[in-house]
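Okay, so here's the structure we're looking at.
The values are calculated or read from the model by the stated rules, or taken from the named source; none is laboratory data. Note that the coordinates shown come from a computational prediction; the quantities given were computed from them, not determined experimentally. Here Cβ is always computed from backbone atoms with ideal geometry, including for glycine, and neighbour counts include all displayed protein chains. When the accessible area is computed, the model is the full protein with side chains, heavy atoms only, and any ligands, DNA or RNA have been set aside. Shrake-Rupley method; radii C 1.70, N 1.55, O 1.52, S 1.80 Å.
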Amino acid sequence: MDEVLFRGTQKLESLQLEAGLVASKSKDLFLTYSQATQVLLSQVWQSHKLDHLKSNISQLLDYVLEISRDFTERAVDVADPKRLWMFLTGVLDGQWSKREISIACAGFVVGGLVGVAVGFALRRRENTVRYMEAVQISHYLGPESAAVVEDAIAPFECGDYEVLINVKAGSVHIIDAEICAGYGRTLRRTLRRLHKQSSSDLPVFLGRDCTGIITDLGRKVQRLELGDEVWVTIPFWSQGTLCQTILISEHRVARKPKNVGFEGACSVPYAGSLALSVLSEAKIDLNSAANKRFLIQDGCTPVGCVLIQLLNSWKAHITTTCHKRAVPVAKALGAREVISIDAPSLSDEDHVEEFSDTENFSKTVLKELQLKGEVFDFIIVTRNENLNWESLRNFCAGEGKLLSTLPEKLSSDSYGFLARFIFSTYIRLKFLMGHILGVPSNNYDEAHLCHATLDKLTALVEDGVLQTVVDKVFHPKDIEVALNYIQSSQSIGSSVITFR
C-alpha cells in the first residue's frame, strides 16, 4: 500500500512539474508575440504610406463637405420665391400678365399636391395572406375526395354588406355528398364567377350551414353587431361553410336561438329552410295543415325531423317511415303512426355502410303502405331510396300532392364543352338583365336561404316548436366518415362537424 502511495506521489509531482513548464513557455511565447505585434503596428502607423492615405481621406471629406454646402446654398437660392417670381416675370414679360403667372403657379402647386395624394391613395397595398383549416374537395370523386387542409386562404376584409364569422360548427347534408360527386359543377363555375367568389368551380368548401360569432362587419351592415352569435345557410353553388372563417353576405345571416348551443343549432338552418320552402310552395300553413294527413318518407332525415315537428304543431296527422332504430325519435317528434322498416344493425366499425338493397327497401315501404290501405293529402319525400314516384302517387288522395325536398337534378352537369359555353352565356345574360332591371336572381336554390327564413326558425326554436336533433358530432378529419354516415339509412337527424 505504501509503495502504491509513493508511486502515485511521484506521478503527481512529475505532472505538476510538466504543467509548470508548459505554463512558463506559453507565457514567454505570448510576451514575445505581443511585443512583435506592437512593434509592427507602430511601424505601420508611422509609415509614410499611411500618412499619405490619411491625407487623401481628409481631403476627400473636405471636398464632400464643400460640395454639400454649395448645393445647399444653390438650392435655397433657387427656391427663393422672390427669385422665382423675378425669373418668371422676366421670361414671360409681355406675354403673360402677373395675374396669369400667379394662377399658373398656384395651379402647379395644387396639381403637384393632388398628384402626390393620388399616388399615395393608389399605391399598391402589401398583400396580407392568412390561413385556416377547411374541409374541401379538389376533385369530383365522391366522399373519398373530401379532405381537411390547413393552408386554405382565410378571408379577413369585409365588403360594405358582408359579415366575417368565426365558425364554431357546421352540419353535413346529403347534398354535400352529391357535391363531392359533381352536383352543380357547371352552374357553380358560372355563378361563382358572377358573384366574384372564384374563377373556377374547384376547390369547393363543403357545408351548407354553420353557427359562429361575428368578428367583423361591413360599414353598411345594420341588422347585426360585432360579437353576435349567428347561424348561416347558403345555396349549393356557393363556397361552403366547413372552415374556420367565412365571409358571407348579411342577407344569409341571422342571430341564432339563445337557448341552444352552437353544435345543436347548426342542425336547423339548411334543413329548416328546405322544410319551410317545400311547405310554402305547396301553400301549407297553420290554417291549411290542420287535420290533413301527411306521409313523411324517412322522417328522421334532418329535413324530416323539422317537418314532423312543424306539422305536429299545426295539428296535422303525420305518418312517417323510418328504420327500427329511429322509431322512438319519430314518435317523440310528433309522428302519430310510424312504419318501421327493419335493417341490419350497424356496429361502430361499419356504421357508414348503406342499407344493402335499396330496391328491396323501396318495395318494403310500398308493401307496408298497401297493407295500411290509407291515402294521404300530402306525401313528402326526404331521402332518395329509389322509390317509384308513380307508385307513391297511388297513395295520394284525389287532390293530394307528392312533394320532394331532394336536390333537383341538373341537366347542365352532363353538358359538353359547347353546351356549357351556351348555358354559361345564357346565365350571364340573365344575370345582367336582372341587374339592369333591378330584379333579384333567386332561381338557383337561394330564394328561401335568407335571413328572413332564419329569423322564422329562430322564433320556432326559442318558442319550443322545434327541437334540435343531432345524431353524431365529428371532427374535421372525420369528414369522409360523416359524409358516408349521413347517407346511411341508420342516421337520425343531423351529423355535425365541430371546429372547437
Measure off, as a whole percent, the carbon and sulfur share of the 1.4 Å-probe accessible area of the range 102-170, all protein chains present. 60 percent
For 143-150, 368-375, 162-169, ranked highest to lowest by mean beta-carbon neighbours within 10 Å, the order is 162-169, 143-150, 368-375
Sorted by mean Cβ packing within 10 Å, highest first, what order do the peptides 417-427, 272-282 take? 272-282, 417-427
What lysines could a cross-link reach from LYS331, if we take a straight Cα to Cα line under 19 Å and drop same-chain neighbours fewer than 8 places away? LYS292, LYS315, LYS372
Could you name the lysines whose alpha carbon sits less than 24 Å from that of LYS25, not counting residues in the same chain fewer than 8 places away? LYS11
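Which of LYS220/LYS409; LYS367/LYS401; LYS256/LYS472; LYS220/LYS472; LYS196/LYS456 have a Cα-Cα distance over 32 Å?
Details: LYS220/LYS409 37 Å; LYS367/LYS401 20 Å; LYS256/LYS472 21 Å; LYS220/LYS472 38 Å; LYS196/LYS456 29 Å.
Correct reply: LYS220/LYS409; LYS220/LYS472.
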So with the 1.4 Å probe, I'd like the accessible area per residue for the range 420-500, rounded to whole Å². 51 Å²
